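A quick write-up on the structure given underneath.
What follows draws every value from the coordinates through simple rules; no lab data is involved. Owing to the predicted nature of the structure, the values given are computational and were not obtained by experimental measurement. Reconstructed Cβ throughout: ideal geometry from the backbone, glycine too, with neighbour counts over all protein chains shown.
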Amino acid sequence: MKKIKILHIYKSFYPETIGGIEKFIDTLNNELSHTCDFGLVCIGNKTETYFYKKMKVYKFKKNFEISSCPFSISAFLKFRNISSQYDILHYHYPYPFMDFLNFFSLNKTKLTTYHSDIIKQKFINFFYNPLKFFFLKNQNFIVVSSKKYLNTSSTLQTLKKKIKVINFGIKKISSPKNNKIKKKGYILFIGSLRYYKGLDVLLEAAKKINSKIYICGSGNEYKALLIKKKKLQLKNVFFLGRVSDKKKYCLLKNCDFFVFPSNSRSEAFGIAILEAMSFAKPIISCEVGSATSYLNINNKTGFVVKPNNPNELRDKINYLLDPKNKKIKKIFSVNSFNRFKKYFTSNTMCKNYLKLYEKLSTKSKNFL
């Protein structure tokens, strides 16, 4: 049986960046390589072509960047030729440069995974809107990671006929055999250190939290967070930087619970929450109108608090730290794992994406 050839288009990939979208692309590549041949067009520090596992990566050197959107002249010149070698183009929105690339592709079989609304760049978004809607209406399918995000996105309301909802999922992570992190009794955050992660709020809350707080990840907010930690004279907060998967899984296994204080809809889903749920950890997250409070159900798998509210965040953290609430913490733990297992496995996600790929690959006149 001939494999379906699928080309991902996104702004970055390993090793320059590590985030939820990169992990999502990696998961599809791992789980569906028996039926699909994947490629990826992205931007990086230099132009090179190589294989990441079984996926062919076409990485082009960045020439300039506008509002966190990298542009590459060489990618622009080569995209038509590369895209013509694939059956399906799989875009990852938002990335305005790929909207321009789409103009020059002869491939008419395409879908977009809609990861997030454009939140921060409101002024530029005003001028970008016509191109954005042209691009989205030009897609055969638009995939959204949760029904909640679909219902709270003004952009998606006019595109519902094209939309499919497929929850993101991850593979159940096996507990590390050689666990080098023996000590327990700490709170954990894992993720990129970006403006919308709410880590400044966590630092404010940490002033009156009697527990170690480990923050794993790298990003452009790192220096500002270090300055704030020093200003607040926090002795219980530790920045571990970017950690290996092995160390991350050890940290997840031994933490008391997982805190994810993202305070903006830029946090559309929260793959890190799923990783913590796969280790049966209670979650504390914020209500920002995205999938984070669809993954983490208030008073069932953990707590959902108001964003940018260090006092409420502190109170919920201290509640779970209190030995008197050990039974509730255990209930949250069991519910967290069961919810992950029922709704958010990579197996379910990939089966649903494969159905779309197969539907598109038939090129039926009546598939819409």
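How long is the gain from Ser67 to Ile328 if the chain were fully straight, where each residue apart is worth 0.36 nm and the alpha carbon distance is subtracted?
On the way: separation 261, 0.36 × 261 = 93.96 nm, distance 4.38 nm.
Roughly 89.6 nm would be gained on extension.
Here the simple spin-label model places points 7 Å from the Cα toward Cβ, and for Thr158 and Ser74 these points are separated by 3.8 nm. Exposure proxy for Leu354, Leu7: other Cβ atoms within 10 Å of each Cβ, ordered fewest to most, give Leu354, Leu7. Label sites at Tyr50 and Thr35, each approximated as a point 7 angstrom past Cα along Cα to Cβ, lie 3.1 nm apart.
Using unit Cβ charges (K, R positive; D, E negative) and no other charged atoms, how large, in debye to the nearest 20, is the dipole of the chain about its Cα centre? Don't jump to the answer; show the numbers that get you there.
Working: 68 positive and 22 negative charges, 193 e Å.
Taking the Cα centre of the chain as origin, the dipole is about 920 debye.
Label positions at Ile297 and Leu131, each projected 7 Å from the Cα along the C-beta direction, are separated by 4.2 nm.
Rounded to the nearest 500, what is the chain's calculated 222 nm mean residue ellipticity when only DSSP H runs of at least 4 contribute -39500 (n - 2.57) each, over all residues?
Details: 13 runs with 140 residues, N = 368.
Value at 222 nm, helices only: -11500 deg cm²/dmol.
Fewest-first ordering of Cys350, Cys250 by other beta carbons within 10 Å of each residue's beta carbon gives Cys250, Cys350. Counting beta carbons within 10 Å around each of Tyr86, Tyr128 and listing the fewest first gives the order Tyr128, Tyr86. The value of relative contact order for the chain, using C-alpha pairs under 8 Å at least six residues apart, is 15 percent.
Can you tell me the dipole magnitude for region 221-347 around its Cα centre, using point charges on the Cβ only (Lys, Arg +1; Asp, Glu -1), in Debye to the nearest 20? Spell out each step's value before the answer.
Working: 25 positive and 9 negative charges, 87 e Å.
So the magnitude is around 420 debye.
Overall, region 294-336 carries a charge dipole of about 200 debye about its Cα centre when +1 sits on the Cβ of Lys and Arg and -1 on the Cβ of Asp and Glu, all other atoms neutral. With R₀ set to 56 Å, the beta-carbon distance separating Lys184 from Ser84 gives a calculated FRET efficiency near 0.55. Projecting the Cα atoms of Leu226, Leu251, Ser262 onto the dipole axis of region 186-343, where Lys and Arg carry +1 and Asp and Glu carry -1 at the beta carbon, places Leu251 farthest toward the positive end. Over the C-alpha atoms of the chain, the Rg to Rh ratio, Rh being the Kirkwood estimate, stands at 0.97.
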